[in-house]
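A short worksheet on the structure shown next.
Please treat every number below as a calculation from the coordinates, not as lab data. All of these numbers come straight from a predicted model, not from anything done at the bench. So basically every Cβ, Gly included, is an ideal-geometry build from the backbone, and we count neighbours across all protein chains shown.
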Amino acid sequence: MFKHILLATDGSESVRKAEDYALYLSRACGADLTVLHVLDDSLCHYGHVDQLVPSETKDGFVSYVISEREAAAREVIREFSRKAASQDVKYSFKLKQGIPAKEIAVVADKEKVDLIVMGGRHPARRPRFRVATTADKVAAQSRCSIMTLI
């Protein structure tokens, strides 16, 4: 059925179902599994906003944001590795930095995956107003099927 599955994970509670399902599908279909964690660098631009702050301070802020995100990514992969090992599922891991939806779509295209599995949340429901989720943005940029588990 599926030959190559991409799991987009950030380690959040909503993604845990997606991780479990990606492991199940990979094992059931004999599909290759690629696990992607994107270091969202959207906060980095704040380091360069205030023109009165010395450049060393700005660079320090950007470095701090990135190092915090990298530490979180190491924990995500550590937890996922335990889960995959307990189910005897092999996978490859990719770490990217950038805008999550864009990076997920780029990796999916480059790796020629059949299915992207990701966690999600119920979209905000307000009259005549809806904020696009990461899954919505990935769907708009990707050519393959996407499964969002809520």
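Among the listed values (1) 1.05; (2) 1.03; (3) 0.96, the one computed from these coordinates for Rg/Rh (Cα atoms, Kirkwood Rh) is (2). Within the set LYS58/LYS137; LYS17/LYS94; LYS83/LYS110; LYS58/LYS94; LYS110/LYS137; LYS94/LYS137, which residue pairs have Cα atoms separated by over 24 Å? Where the Cα-Cα span goes over 24 Å, the pairs concerned are LYS58/LYS137; LYS83/LYS110; LYS58/LYS94. By the beta-carbon count within 10 Å of each Cβ, the least crowded to most crowded order of ARG16, ARG121, fewest first, is ARG121, ARG16.
The mean sequence distance of close C-alpha pairs (under 8 Å, at least 6 residues apart), as a share of the length of the chain, puts its relative contact order at 34 percent.
The ranking of ARG74, ARG69, ARG82, ARG27 by Cβ neighbour count inside 10 Å, starting from the fewest, reads ARG82, ARG74, ARG27, ARG69. Fewest neighbouring Cβ atoms within 10 Å first, the residues MET118, MET147, MET1 line up as MET1, MET147, MET118. Stretching the chain fully between CYS29 and LYS90 yields a gain of 20.7 nm (0.36 nm per residue, less the alpha carbon separation). If R0 is 35 Å, the Cβ-Cβ spacing of ASP20 and TYR64 corresponds to a FRET efficiency of close to 0.60.
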